[in-house]
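Written out below as structure tokens is the structure these notes cover.
Since every read-out is calculated from the coordinates, none of them should be taken as a lab result. These figures come from a predicted structure and were not determined experimentally. Neighbour counts are summed over all protein chains in view; Cβ atoms, including those assigned to glycine, are modelled from backbone coordinates with ideal geometry.
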Amino acid sequence: MILVTGATGNVGRHLVGELLCAGARVRALTRDPATAHLPADAEVARTDEMPLDGVTSFFLNPTVFWNGLGDVLARVKDAGVRRIVMLSSSAAADADSDNELAAKHLRMEEAVEETGLEWTFLRPGVFASNSLGWRKEILAGEPVREPFAAGLSTPIHERDIAAVAARALLTDDLVGAKPVLTGPEGITAPEMVRLIGEAAGRPARFEEISPEEAREKMLKMPYMREGIVDVLLQLRKDAEHRPVEISPEVERITGRPGRTFAEWAADHADDFR
């Protein structure tokens, strides 16, 4: 039995599908099973109950435990779970103590290692699904307003993260590995907005704003604090002045090229219509 936390999230939902297609038994955790709309073949349970009977592998989505792991890892170990696959972040690869996001993920990784169980830490960079945050503006015909328009990122499709996670849970190939995962191309935010508009068949515009205006805007968002906002803005600024780094890991692990942002936009066209 494989237990998936965050099963209705962008990665978790696809991971449940990948595992079921491979013939695995899956227990999917969600806050509200009644509204989860997960496949019938998955056993669905409440996150706050987290039943561990029969579980051999555990997919750890840190956003579910962002306020602290508590006794989760102790319970997992006591239940006889053999392997933990954690959705970490490429920020953790930098081990930058001034980066709040890196420090948070590193602490979780260290806690997992200390259990003595088998582990894999998936370290994706920018999620293509972050672009869903532009939905309101695009649907309203307003410009997407972001700073550092020339900065390149390598957004990764959530399906590719799920495919790598499934490999880590179903095989021994990635035990003890910390693969950094990216999309297959470097792309700017204006280009991403344009591709969303083309896929959705509607106008989509980009407007560059100052870092100061962006910071004020970001601080109004839920769960955003000054430390995280400053880290994100610095990363975007740095992206304008450094070569883009594309990881080969998705193709190496799955045996096929990673999906482009244009493919992501096509898959999510209905979200912007």
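Once the chain from ASP238 to SER210 is taken as fully extended at 0.36 nm per residue, the excess over their C-alpha distance is 8.6 nm. Cross-link partners for LYS136 among the lysines, with Cα-Cα distance under 16 Å and sequence neighbours closer than 8 places in the same chain left out: LYS217, LYS220. In a fully extended conformation the segment linking ARG31 and ARG225 would gain 67.4 nm over its present Cα-Cα distance, using 0.36 nm per residue.
For segment 140-247, trypsin sites (Lys or Arg not before Pro) meeting the loop criterion (DSSP other than H, G, I, E, B) and having at most 16 other Cβ atoms within 10 Å: ARG205, LYS220, ARG225.
For every helix of n ≥ 4 consecutive DSSP H residues, a contribution of -39,500 (n - 2.57) applies; sum these over the chain, divide by its total residues, and give [θ] at 222 nm rounded to the nearest 500 deg cm²/dmol. Don't jump to the answer; show the numbers that get you there.
Numbers: 10 runs with 99 residues, N = 273.
Rounded to the nearest 500, it is -10500 deg cm²/dmol.
Can you return the lysines within cross-link range of LYS178? Criterion is Cα-Cα under 17 Å, with same-chain partners fewer than 8 residues away left out. Those lysines meeting the cut-off are LYS104. A full extension of the chain between ALA111 and GLU245 corresponds to an added length of 45.4 nm, given 0.36 nm per residue minus the alpha carbon distance.
Projected area of segment 219-273, taken from the Cα convex hull and averaged over every viewing direction, in nm²? The partial results should precede the final answer.
On the way: hull surface 25.6 nm².
Its Cα hull, projected and averaged over all orientations, spans 6.4 nm².
Ranked for footprinting exposure by Cβ neighbours inside 10 Å, fewest first, ILE228, ILE196, ILE187 give ILE228, ILE187, ILE196.
Note on ASP94 and MET1: their simple-model spin labels are 4.0 nm apart, each label 7 Å out from Cα toward Cβ. When VAL175, VAL144 are sorted by how many other C-beta atoms sit within 10 angstrom of their C-beta, beginning with the fewest, the order is VAL175, VAL144. Would you list, by chain and number, the aspartates and glutamates whose Cα falls below 20 Å from the Cα of LYS77, excluding same-chain residues fewer than 8 positions away? By straight Cα distance, LYS77 reaches ASP48, GLU49, ASP53, GLU109, GLU110, GLU113, GLU114, GLU118, ASP172. Applying a DSSP loop filter and a limit of 14 other Cβ atoms within 10 Å to the GluC sites (Glu not before Pro) in segment 60-139 leaves GLU114.
Loop-located GluC sites (Glu not before Pro) across segment 156-223 with a Cβ neighbour count of 11 or fewer within 10 Å are lacking, with loop assigned by DSSP.
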